[in-house]
Amino acid sequence: MAALLGLMLYRQLRKPQPTGVVNLSEDGKWQWLDGQSSPMQVTADSRVTAWLLFVSLQDALDHRQRQYLCIFRDAVSVADYRRLCRILSLGHPSSLEGN
């Protein structure tokens with residue numbers, strides 16, 4: 001079981017993490033500004049720590065599609081990290097969940 005979990009973690013970490021510019025509204029609406037991604041919604045499953053943000057996103061068009069991101073404190077500016085912390089701490093229960 002441990003080997004299987006290790007393999008799953010290894011495969012997840014090997015996947016390329018999305019990078020780019022994002023627009024995040026105060027109500028948790030997340031939109032990659034690449035012009036090709038569908039809008040996402042921050043879910044209440046997101047977590048905030050002093051050194052890491054775990055962001056859980058749900059696709060606005062396909063409710064079964066989820067995306068998970070880990071954002072380290074030094075990956076963004078101090079102001080952006082604080083804003084992300086504030087938005088995630090609000091615990092937006094996604095209006096999409098359960099649909």
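With the checklist (1) out of contact with any helix residue (DSSP H, G or I) (no Cβ under 9 Å at 6 or more places or on another chain); (2) at pLDDT 85 or above; (3) among the acidic types (Asp, Glu) in hand, flag the one item Asp27 doesn't pass.
Every condition holds for Asp27 apart from (1).
How many residues are without any contact (Cβ under 8 Å) to a residue 24 or more places away in the chain and in a loop (DSSP other than H, G, I, E, B) if we restrict to segment 19-64?
16
Regarding Leu61, is this residue of a type outside the set (Gly, Ala, Ser) and modelled with pLDDT of 90 or more? Quick ask: steps written out before the conclusion?
Values: of a type outside the set (Gly, Ala, Ser): yes; modelled with pLDDT of 90 or more: no.
For Leu61, the condition - of a type outside the set (Gly, Ala, Ser) and modelled with pLDDT of 90 or more - is not met.
Yes or no: segment 74-81 includes at least one residue that is outside any helix (DSSP H, G or I), surrounded by 11 or more Cβ atoms within 10 Å (Cβ to Cβ) and touching a residue at least 24 places away in the same chain (Cβ under 8 Å).
Checked segment 74-81: no residue is outside any helix (DSSP H, G or I), surrounded by 11 or more Cβ atoms within 10 Å (Cβ to Cβ) and touching a residue at least 24 places away in the same chain (Cβ under 8 Å).
The values are calculated or read from the model by the stated rules, or taken from the named source; none is laboratory data. Predicted model, so just to flag it, every value in this text is computed and none were measured. Quick reminder, even Gly has a Cβ in these numbers, built from the backbone with ideal geometry, and neighbours come from all protein chains shown.
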